[in-house]
Structure formats: structure tokens, C-alpha cells
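Input: a single structure, listed below in C-alpha cells.
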Amino acid sequence: MRSLLYFTGRHYFPPFDEGVKLVARHLHLELSQQTEVVMTTTAPGAPEGCHVVPNGPVGFYRAVRRLCKAHRPEAVLYVPDALLDRYTLLRCGLLKRAARGVPTGMVTLMPGAVDVPVRLMLRLWRPDVVFAVTDSEADLYRRHGVRLRMFPPAVDADRFRPARDEAEKRALRRKYGLPEDVALCLHVGHFRRARNIEWLARLQLPAAARLVVVGRRSRPGEEDMTHALVERGAVVLEEFLPEIEEVYRSADLYLFAVEHERSAIGMPLSVLEAMACNLPVVTTPFGGLVRCFDEVPGVYFADTPEAFQHAVLKALTGHPVRTREAVDAHSWEHLAAEVLGALEG
């Protein structure tokens, strides 16, 4: 493939520190190594080299049509800001029309808001191939005859690696002001109730363990759980950490308690990053995690607060861990090649 029009929405600007933004960014960088990418977005403040187009449908269509005339892409890839809905399918249809019918792919990272109009639009304006993460998404697309590829997990295993030894781990803990003499149970993400932070705040950890939460405060209108975490003795790091891999490397266990399917992308990157650091992981059976990692030593699934508590205590007792082996081959380079192959096929 000589040229690809790649579109993502209004959140494509730095810092790239959360699910959809990170997936869009990694795909952009890796696809650019494999073909010419005409990077297009509606995001003010997008990185240099991006074509920023109007958000409204008429201005959007005209701007994308001009880009297609100038660059003649052989395919289109669309990574929406969030989930499948009417707006997403409208945008997909406009992209396909502007590109004059070249193969169009769409990545859906969360289960959609599926109502009657969405089902009708899937028949009329559907993409040529959808890359889905969860089984529920896959079932929807199969029922509507949409060509489907499961979106595989991907992680930068060179950046996210285990600590070389205890000396490196202690040095990193000193760098970030973390306790040096206890097991660190880490979570990375927003401090909001919708992400089930309450489960973490209520954990009864042994005296030799401490909870560490790295992330940002809640969005406007959402309840912030920061105070509850601090009150229960957690270490809370609120700033953006450009070298977040060092915090993973300093930890002993990763925790992911999200239940609501729209509170994180279906293949949570923080879980994959923790696994690349060979951390044991205690997680809810969220999104595509069970499908990909059900039998991996060191991954514990728990669907109630009591089961989560039990799994944390078990994970801290030194059972075999081979989480890095499970993600080591899942590179962003490989994922980008799969996406291009599907668009060409």
C-alpha cells in the first residue's frame, strides 16, 4: 500500500496519556514506518504534520475530499474518539465517500451505543472492515455482515520491561518518593468512581504492602476518589509522568478494578504495560482480557470485591508469574502490519 488516509478525532493532542489517545498515537507512528500516512484530525493542538480539518460534517467532508484528491490514498483507517454510535458511523460514511470508495477500516475500542438508527446505519454506511476488541462488539458486527478482525493487544516491550534487579527497583522508588520496604500494589488511571477506584480504596492490604495510584483527577461532573484513597493510606501521584514505565518497574503487583465497559478501552493498555514489566495482575474480567489472557500464570481475574481482595493476597504470596511472555510478541509494529494487511485484503 502506497498511501493511507488515517483519521482520528478531537482528542489527538499531547499529552498522550490515556487509552484512545495512546492507541491512536502508536498506530500513527508505526503505520508511518510502513506506508505514507496522511494524518488527519479535528483536534486543535495536534502534533506537527497533522492535517486539522473542521468538525462540522460539511466542512469535514470538503476538507477530507481535498486531501484525498491531493494524496490519492489507497485505503482509509478511522480510530474514533470512543465508541460506536450514530456520530461515529456518520463520520465513517463521510470518510468513505470523500475517499471515493477505497477500502475503509474502523477501530472500535469500546462497546457501542447500539440503537435502531445505529443498526440501520451499519447497513448503509458500514466500513469495509472493523477491528473490534470485545466479544460483544464482534457479535454485533457478525450479525450485520460486517467483515471483522479482532484488534490484538499491543505494547512497547522495549520501553516496558522488568527491573533488572532489586537495586534498580529501589533507586526508582527513591526517585518517585515511594516506600522502599514494602510491596507496592499499583494502579494507573483516573481517580473516579466509574473506574471502580472504591474497590482499591477499600482493600485490606497486609502491613508489608502499600497501594500506589498514579493518574489524574476526575472530569467535571464526576466524583473524585482522591480523598478516599489518601484517607486509606494510599500513595497518590497526580502529575503526568512521561517515564511512567519506571513506576511500573518499581512495583510488585498491578491492580485493575474497572467493571463498567465504557470506563476504559476494551484492551486496557495499563494492564498490558504492567504485564510487559512481568508484574502479576489482579483484574476484573474486563473487555478482551479474559479472551487473551485467561490461562496466563500471574493473571488473576476477580468479579466481586471479595474475590478481588482474595486474589490480591494470593498474588502477593509469590506464585509463578509469566505475564511478560504473554505480551512479548505483541508489538505495535506487528499490529500496524495486521491492520494494513486487512485493509489490503
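The values are calculated or read from the model by the stated rules, or taken from the named source; none is laboratory data. The model shown is predicted, which means the values in this text are computed figures rather than measured ones. Ideal geometry is used to build each Cβ from the backbone, glycine not excepted, and the neighbour counts take in all protein chains shown.
Structure data summary
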quantity: Top-ranked residue of region 90-104 - restricted to ones that are of a type outside the set (G, A, S) and surrounded by fewer than 18 Cβ atoms within 10 Å (Cβ to Cβ), ranked as farthest from R119 (Cα to Cα); calculated: R100
quantity: Pair list, Cβ under 9 Å, 6 or more apart: region 245-261 residue assigned by TED's automatic domain parsing to the domain that holds E273, other residue assigned to a strand (DSSP E or B) and surrounded by fewer than 21 Cβ atoms within 10 Å (Cβ to Cβ); calculated: V247/L237; A251/A183; D252/A183; D252/A209; L253/A183; L253/A209
quantity: Residue satisfying all of: in region 259-278; in contact with a Lys or Arg (Cβ under 8 Å, 6 or more places away or on another chain) and at pLDDT 95 or above; surrounded by the most Cβ atoms within 10 Å (Cβ to Cβ) among these; calculated: M275
quantity: Filtered residues of region 138-187 (kept if of a type in the set (V, I, T), modelled with pLDDT of 95 or more and in contact with a strand residue (DSSP E or B) (Cβ under 6 Å, 6 or more places away or on another chain)); calculated: V182
quantity: For E231: the one exception among (1) more than 27 Å from V129 (Cα to Cα); (2) modelled with pLDDT of 95 or more; calculated: (2)
quantity: Qualifying position, being under 25 Å from R210 (Cβ atoms) and charged (D, E, K, R), among R249, R262; calculated: R249
quantity: Single residue of region 315-337 satisfying the filter (charged (D, E, K, R) and under 25 Å from P285 (Cβ atoms)) that is surrounded by the most Cβ atoms within 10 Å (Cβ to Cβ); calculated: R324
quantity: Number of the exception - V155 against (1) touching a Phe, Trp or Tyr at 6+ places or on another chain (Cβ under 9 Å); (2) β-branched (V, I, T); (3) part of a helix (DSSP H, G or I); calculated: (3)
quantity: Yes/no for G288 being touching a strand residue (DSSP E or B) at 6+ places or on another chain (Cβ under 6 Å) and not aromatic (F, W, Y); calculated: no
quantity: Search result, residues across region 309-327 that are assigned to a loop (DSSP other than H, G, I, E, B) and either outside the structural domain of G266 (by TED's automatic domain parsing) or not charged (D, E, K, R) (or both); calculated: L316, T317, G318, H319, P320, V321
quantity: Yes/no for A99 being modelled with pLDDT of 95 or more and under 15 Å from V339 (Cα atoms); calculated: no
quantity: Condition check for V235: more than 24 Å from L289 (Cβ to Cβ), surrounded by 13 or more Cβ atoms within 10 Å (Cβ to Cβ) and in contact with a strand residue (DSSP E or B) (Cβ under 7 Å, 6 or more places away or on another chain); calculated: yes
quantity: In region 293-314, residue surrounded by the most Cβ atoms within 10 Å (Cβ to Cβ) [restricted to those that are in contact with a strand residue (DSSP E or B) (Cβ under 9 Å, 6 or more places away or on another chain) and more than 18 Å from A201 (Cβ to Cβ)]; calculated: V299
quantity: Conditions (1) of a type in the set (G, A, S); (2) buried (at least 19 other Cβ atoms within 10 Å of the Cβ); (3) in contact with a Ser or Thr (Cβ under 7 Å, 6 or more places away or on another chain): number failed by S3; calculated: (2)
quantity: Residues being under 19 Å from G345 (Cβ atoms) and at pLDDT below 95 - total across region 1-38; calculated: 3
quantity: Condition check for S270: closer than 30 Å to G112 by Cα, of a type in the set (S, T, Y) and in contact (Cβ under 8 Å) with a residue 60 or more places away in the chain; calculated: yes
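One line per residue, one yes/no per condition, for (1) among the aliphatic types (A, V, I, L, M); (2) over 16 Å from M121 (Cα atoms); (3) at pLDDT 95 or above:
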{"residue": "Y61", "(1), (2), (3)": "no, yes, yes"}
{"residue": "R65", "(1), (2), (3)": "no, yes, yes"}
{"residue": "A70", "(1), (2), (3)": "yes, yes, yes"}
{"residue": "E74", "(1), (2), (3)": "no, yes, yes"}
{"residue": "D81", "(1), (2), (3)": "no, yes, no"}
{"residue": "L89", "(1), (2), (3)": "yes, no, no"}
{"residue": "P103", "(1), (2), (3)": "no, yes, yes"}
